[in-house]
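> Have a look at the structure that comes next, please.
The values are calculated or read from the model by the stated rules, or taken from the named source; none is laboratory data. Predicted model only: the values in this text are computed from it and were never measured. For neighbour counting, all protein chains shown are included, and Cβ atoms are generated from backbone atoms with ideal geometry for every residue, glycine included. Areas reflect the complete protein model, heavy atoms only, side chains present, ligands, DNA and RNA absent. Shrake-Rupley method; radii C 1.70, N 1.55, O 1.52, S 1.80 Å.
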Amino acid sequence: MNSYRIKEIICVVVLLVFIIVLVGQNRQSNADAKDVFKSVVAAVDTDGLKVCKAEKFKEQFGFEKSDFEGVYYMASDSIMDVREILVVRCGDNAPADALLDKVQSRADDKYGLFKQYDPTASALLKKYVAEKKGGFVFFAVCDDVAAAKRAFHKAL
Amino acid sequence: MIFSSAAFLFAFLPPVLALYYLPLFRNRPQTEIFKKNLVLCIASLIFYAWGEPIYVILMLLSIYFNFTIVRDMEHERRSPRRRKRLFIAAILFNILVLGFFKYFGFLVGTVNSVFSLHLPVVKLALPIGISFYTFQILSYVIDVYSGKCHVQKSLLNFATYVTMFPQLIAGPIVQYGDIEMQLRARRMNRRKFTAGILFFARGLGKKVIFANTIGAVYTEIAALDPDNLGAVTAWFGILCYTLQIYFDFSGYSDMAIGLGKMFGFDFVQNFNFPYAATSIKDFWKRWHISLSTWFRDYVYIPLGGNRKGTPRTILNILIVWTLTGLWHGAAWNFVAWGAYYGLLLLGEKYIYGKALEKLPVIVRRIITLFIVVIGWVFFSAESFPAAAQYLGAMFGGAGIFDGMTRYYLTANLLPFTLMSCSALGMFRSFPISKNKDLRLVLQALGYAVVFAISVVCLVSDSFNPFLYFRF
Amino acid sequence: MENRRPPAAARRPAAPSKIPAICIWITAGFCGVLLLIMALFWITPDRASSESENRVLQQRPKFTLSAVADGSFMKDFETYMTDQFPLRDGLIGFHSFLSEFTGARKQQNVIRAKTGRLIEAQTPVNEDVLNETLGAINAFKKKNADLQQAFLLAPNASDLFAGDLPYGMRMDDRQETLTAVKDTLKGLTWISASNALKTVAEPETLYYRTDHHWTTRAAFACFLALNQKWKLGAKESTFAFYPVTDSFSGTLASSYGDHKLKDTIEICVPKKSKSTYIAEYASQQRKTASLFEKDKLAQKNQYEVFLGGNYDKVVISTVADTTNTLLLFKDSYANCFLPMLTPYFSKIVVIDPRYFSDSLSHVMEENDFTHVLFLYNLNTFLADKSLAPVLQSAG
């Protein structure tokens, strides 16, 4: 086998590894919702935020806690503080896409509401992160969204 | 990165140009061209990684693999069978990579709906520009195999060919044969650089001033409820889209050609006033020329073209056009759009072509434009039903006028007219002056104003879409 | 052909073409401009926020591996370059001028009327949401039938100045919508804001030209109508208007990108000092003796001089000689309306449902209300999703 063949094979192997890693990013995670939530909370400043009960989750997002496998929601009592963290572990039949849509449209509406009155709050809202990954739905509005996102990915 | 952004213009381009032209090896042309290619290649990788920090790895793998396998192919030139096998392997590699990253979801989705299965769909994001660079790599592989070009022994030169940022993300698709010589030696002089600047400024203006403006009108109209959309508004909307996609894409091609010239490369023209076409065949000789040329040279002709009898020609044309549609997007409305043109071309070729030629030019142009605009309805729609709804509105489904018709027409009359005339090429032979010097000065001043206004729009517009980016 | 003398023009040597020289100028010009702007960009200091756009500006993003890997660094950098671009405000103003020059009269959802005033586009009606809200209001009325309840729905500038809209632009006539809402809310006292506003001699003074709110004059006209229906005993002459600023450039000006027009904000106060009161902001945990926040006049959004902005709940206790107490559900239109109510209620609890997350039943238990007022403007009300849940939480 000449040197070309070796290089070609190495390329194909690296490519396959690359694809496997990429696809692996999307696989279902076995992490516990509580652990994921704890890691995210540990990574950001949650002064003034409280873990909320199931009713608040339903009131804000319109879904029952029982629709999912694990729901952890943290927000402030005061509506003027727009910071929130939501970690939801979706089961097989959970309305994950609907929840993600609702989360995004709610954040967009809130942004529109705060845009005219509070530039600082609206800047936070503009940078919200909302994603569906590894069977989880994750939503965060906070000062360091990048850290929150990293903590979420790491915990999965 | 996109050309029409402040980051590209004022953070990326100046240092790259400066490094490129830094006269380090003035007396050693070989080293100088090596340094130039190196600067261009690295800058291009940064440019690509800016938009695709992860998928840049894929592009690098693809480059290295194809470079190696073609050299292998040449190494085996005394054994035609082994050479052919390597050639097929290379083609397969590229098609499979493109197929997987772009079409896998589409394929699985279609299979699922046809056979009522629930195969898992792997959702991977589409790497930007993969259709463009894969086609360029295929062009290289095929050209070397067919003997048209020599194998490229320098990995740097090959990488420069594939990654060259002026044409990496949105074309024109440069065939290897056209650029082979230029990689080793290209003429860079002030005339070319100036021509590059003027091309670039023109493209920037087309994209930022024309396309974005008229595109905003189309977006507004398209968001209206089709059940309340009057025919006039609907037609106006799709005509705005017609202008938007032309200025968007041809503007980007102009910028690509301009930037190419600034770096000493000559690319082939990609658009030639397509809306002045007199037939569909003529249209495709003027629209996205590099794509139709690529399909002609690498698919149509190898399949036999029109030399194997009428049934085979019909099949070839349909294959080429379905693939052309498919190239534009992994969705059935794109395939339909491609097939639409395929069928029309067949019609022109075998049925009414001769009759068409007998009509006066103006009638032919109107008919062609009508066909093209209807085609855009399918191209621009989110889905088949959405396209059908919009068509319904266009043909009077919800009445002729609606509440906003007069406003849309009058508020946009000036830009719309200006852009239509420009698109039809009416400003081409503007009798400015017989004096070449004066003409150049006036052109430069004009494009300086265009550039300035473009920068104003770039900075203040949050609305800056690029339609041909899904490729 | 015999030898002929070549024509005179060809005998003269051709003038040397100046093109190479021109090319140098063009090249130098282009590169010079790029370098100049690049230099200006790095030299001028970064701004934290933009007054005229009323938003926070992107700062230089941190270069970390993870930020690069997920593309956020690049996205933020691009935003950074446009946000901190030298002379950004000037460029935006110029852009808005150019747009108007070519005939555009609508930017985002703000329209430039023929008279030069800026008008907010109408919000599309969300039938389901509206019906739910009206249903909740009716249910609330039923449960609290002993309270006097009134509903004041203010039209917007687009309704009053329909004739000034740019050529060809037509907006819905929402008079029908108003009538439909009125008919649905049969149990409540309907205060016709449209009729009240029609009595004002100068309609131009009813709405700000650069903001989506109505002026204090418009609020006052509707207050008089409310006064008539509820027989509060107010007299027009006991109120005085004072201008507090004439440099108000509101939300519409920010959206449209044009700050040339300026508005005057007036406050309306009862002349006699019967109007002493204490306002308590529940969520802020602070008390103040004035319903006007003078500090807000120093910032861009000067309309916040009224009440300091929007809060979930504000409790106003007055020294008014009456047992009437009021529960007010509102949006920002009521902020300039409040001071006019203070002489006629001993306690006013102001709730903005968009920010209110407590339970209304608490509020109802803690206070013994005699009157309830709903004060909204059409654009906000037709798509409001927050009033219904709050009313329903009253049990």
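> Given a 1.4 Å probe and no ligands, DNA or RNA in the count, how much accessible surface is buried by B and C, both sides, to the nearest 100 Å²?
Rounded to the nearest hundred, the buried surface is 3900 Å².
> Separate question: What size of dipole, in debye to the nearest 20, comes out for segment C:315-395 about its Cα centre when the only charges are +1 on Lys and Arg C-beta atoms and -1 on Asp and Glu C-beta atoms?
Dipole of segment C:315-395, to the nearest 20 debye: 220 debye.
> Moving on to the next point. Once the other residues with Cβ under 13 Å from the Cβ of A:LYS65 are scored (Lys, Arg +1; Asp, Glu -1), what is the net sum?
Summing Lys and Arg as +1 and Asp and Glu as -1 gives -1.
> Give the Debye-formula value of log10 I(q)/I(0) at each listed q (0.08, 0.13 Å⁻¹), with one equal scatterer per alpha carbon of segment B:192-470, two decimals each.
-0.38, -1.00
> Run the reach check for B:LYS153 against lysines, Cα to Cα strictly under 20 Å, same-chain hits fewer than 8 apart removed. What comes back?
In chain and number order, the partners are A:LYS7, B:LYS35, B:LYS36, B:LYS84.
> Report the percentage of all Cα-Cα pairs in segment C:279-395 whose separation exceeds 20 Å, rounded to a whole percent.
41
> Still on this structure: May I have the pair-distance distribution P(r) for chain A, computed from all Cα-Cα distances with 10 Å bins from 0 and rounded to whole percent?
10, 36, 29, 11, 7, 5, 1, 0
> When N is the residue count of segment B:6-185, what does its C-alpha Rg come to as a fraction of 2.2 N^0.38 Å?
Here the answer is 1.18, to two decimals.
> Next question, about the same structure. Largest first and to the nearest Å, give the Cα extent of segment B:286-352 along each principal axis.
Extents along the principal axes: 31, 25, 21 Å.
> Next question. On a 1.4 Å probe surface of the protein chains, which of B:ILE366, C:ILE137, B:ILE289 comes out largest in accessible area, and what is the full order?
Of B:ILE366, C:ILE137, B:ILE289, the descending order of accessible area is B:ILE366, B:ILE289, C:ILE137.
> If C:THR44, B:THR313 are ordered by their accessible area, calculated over protein heavy atoms with a 1.4 Å probe, which sequence runs from highest to lowest?
Heavy-atom accessible area, descending, gives C:THR44, B:THR313.
> Also, quick follow-up: About the Cα centre, and with charges only on the beta carbon of Lys, Arg (+1) and Asp, Glu (-1), how big is the dipole of the protein assembly as shown? Nearest 20 debye, please.
With only Lys, Arg, Asp and Glu charged at Cβ, the dipole is about 5380 debye.
> Any idea what angle helix C:72-83 forms with the longest principal axis of chain C, computed on alpha-carbon atoms, 0 to 90 degrees, nearest 10?
It works out to around 90 degrees.
> Now, a different point. Over segment B:6-185, give the accessible area per residue in Å² for a 1.4 Å probe, as an integer.
Result: 43 Å² per residue.
> Here's something else I'd like to know. Under the definition of Cα pairs under 8 Å and six or more residues apart, what whole-number percent is the relative contact order of segment A:28-155?
Normalised by residue count, the contact order of segment A:28-155 is 31 percent.
> Could you size up the charge dipole of segment B:6-185 around its Cα centre, putting +1 on the beta carbon of Lys and Arg and -1 on that of Asp and Glu, and report it in debye to the nearest 20?
The calculated dipole for segment B:6-185 is roughly 600 debye.
> Per residue, how much accessible area does segment A:28-155 have with a 1.4 Å probe, in Å²?
46
> Another question, if that's okay. For helix C:216-230, report the angle its Cα long axis makes with the longest principal axis of the Cα atoms of chain C; keep it between 0 and 90° and round to the nearest 10°.
For C:216-230 against chain C, the angle is about 20 degrees.
> Report B:MET73's accessible area, 1.4 Å probe, all protein chains in place, as a number in Å² to the nearest 10.
0
> Towards the positive end of the charge dipole of chain B, with charges on Cβ (+1 Lys, Arg; -1 Asp, Glu), say which of B:PHE199, B:LEU418, B:ASN189 has the farthest Cα.
Toward the positive end, the furthest listed residue is B:ASN189.
> Still on this structure, please answer the following. Write down, largest first, the equivalent ellipsoid semi-axes of chain B in whole Å, where each equals the square root of 5 times an eigenvalue of the alpha-carbon gyration tensor.
36, 31, 22
> Shape verdict for segment B:49-124, please, from the Cα gyration tensor: rounded (a/c under 1.5), prolate (a/b greater than b/c) or oblate.
Because a/c hits 1.5 or more and a/b fails to exceed b/c, segment B:49-124 counts as oblate.
> As a quick test, which of the pairs A:LYS110/C:LYS75; B:LYS192/B:LYS434; A:LYS115/B:LYS102; C:LYS106/C:LYS294 have an alpha carbon distance above 27 angstrom in this structure?
A:LYS115/B:LYS102; C:LYS106/C:LYS294
> I've got another one for you. For C:GLU236 and B:PHE401, what does the FRET efficiency come to when R0 = 35 Å and r is the distance between their Cβ atoms, rounded to the nearest 0.05?
Efficiency computed from Cβ-Cβ geometry: 0.15.
> For segment A:1-84, report the % of Cα-Cα distances exceeding 15 Å.
72
> Here's something else I'd like to know. Just to verify a number: what accessible area does C:ASP128 come out at with the full protein assembly present, 1.4 Å probe, Å² rounded to tens?
Using a 1.4 Å probe on the heavy atoms, I get roughly 120 Å².
> Keeping all protein chains in the complex and leaving out DNA, RNA and ligands, what accessible area do you get for B:ARG71 with a 1.4 Å probe, in Å² to the nearest 10?
Spelled out: B:ARG71, probe radius 1.4 Å, area about 60 Å².
> I'm a student and want to see the number: the projected area of the Cα convex hull of segment C:122-392, averaged over all directions, in nm².
So the mean shadow area of the Cα hull is 14.2 nm².
> Right, here's the next one. What do you reckon, how do C:TRP25, B:TRP235, B:TRP284 stack up by accessible area (1.4 Å probe), largest on top?
Largest accessible area first, the residues go C:TRP25, B:TRP235, B:TRP284.
> Set Lys and Arg Cβ to +1 and Asp and Glu Cβ to -1, take the dipole of segment C:122-392 about its Cα centre, and tell me which of C:ASN324, C:TRP214, C:SER254 lies farthest positive.
C:ASN324
> Here's something else I'd like to know. Under DSSP H, which helices of chain B have Cα atoms covering 24 Å or more of the helix axis and a Kyte-Doolittle average no less than 1.0?
Long hydrophobic helices here: B:56-75, B:361-380, B:436-460.
> How large is the helix-only mean residue ellipticity at 222 nm for the protein assembly as shown, computed as the sum of -39500 (n - 2.57) over DSSP H runs with n ≥ 4, divided by its residue count, in deg cm²/dmol to the nearest 500?
Calculated at 222 nm, the ellipticity per residue is -16000 deg cm²/dmol.
> Which residues of segment A:60-80 show a drop of at least 40 Å² in accessible area when all protein chains are present, compared with their chain alone (probe radius 1.4 Å, heavy atoms only, ligands and nucleic acids excluded)?
When all protein chains are present, A:ILE79, A:MET80 each give up 40 Å² or more of accessible surface.
> Determine the per residue accessible area of segment C:122-392 with all protein chains present and a 1.4 angstrom probe, expressed in square angstrom.
Heavy-atom accessible area per residue stands at 41 Å².
> Is segment C:273-321 rounded, prolate or oblate when judged by the Cα gyration tensor, a ≥ b ≥ c being the square roots of its eigenvalues, rounded requiring a/c under 1.5 and prolate requiring a/b larger than b/c?
Oblate.
> More than 56 Å apart: what percent of Cα pairs in the protein assembly as shown qualify?
24
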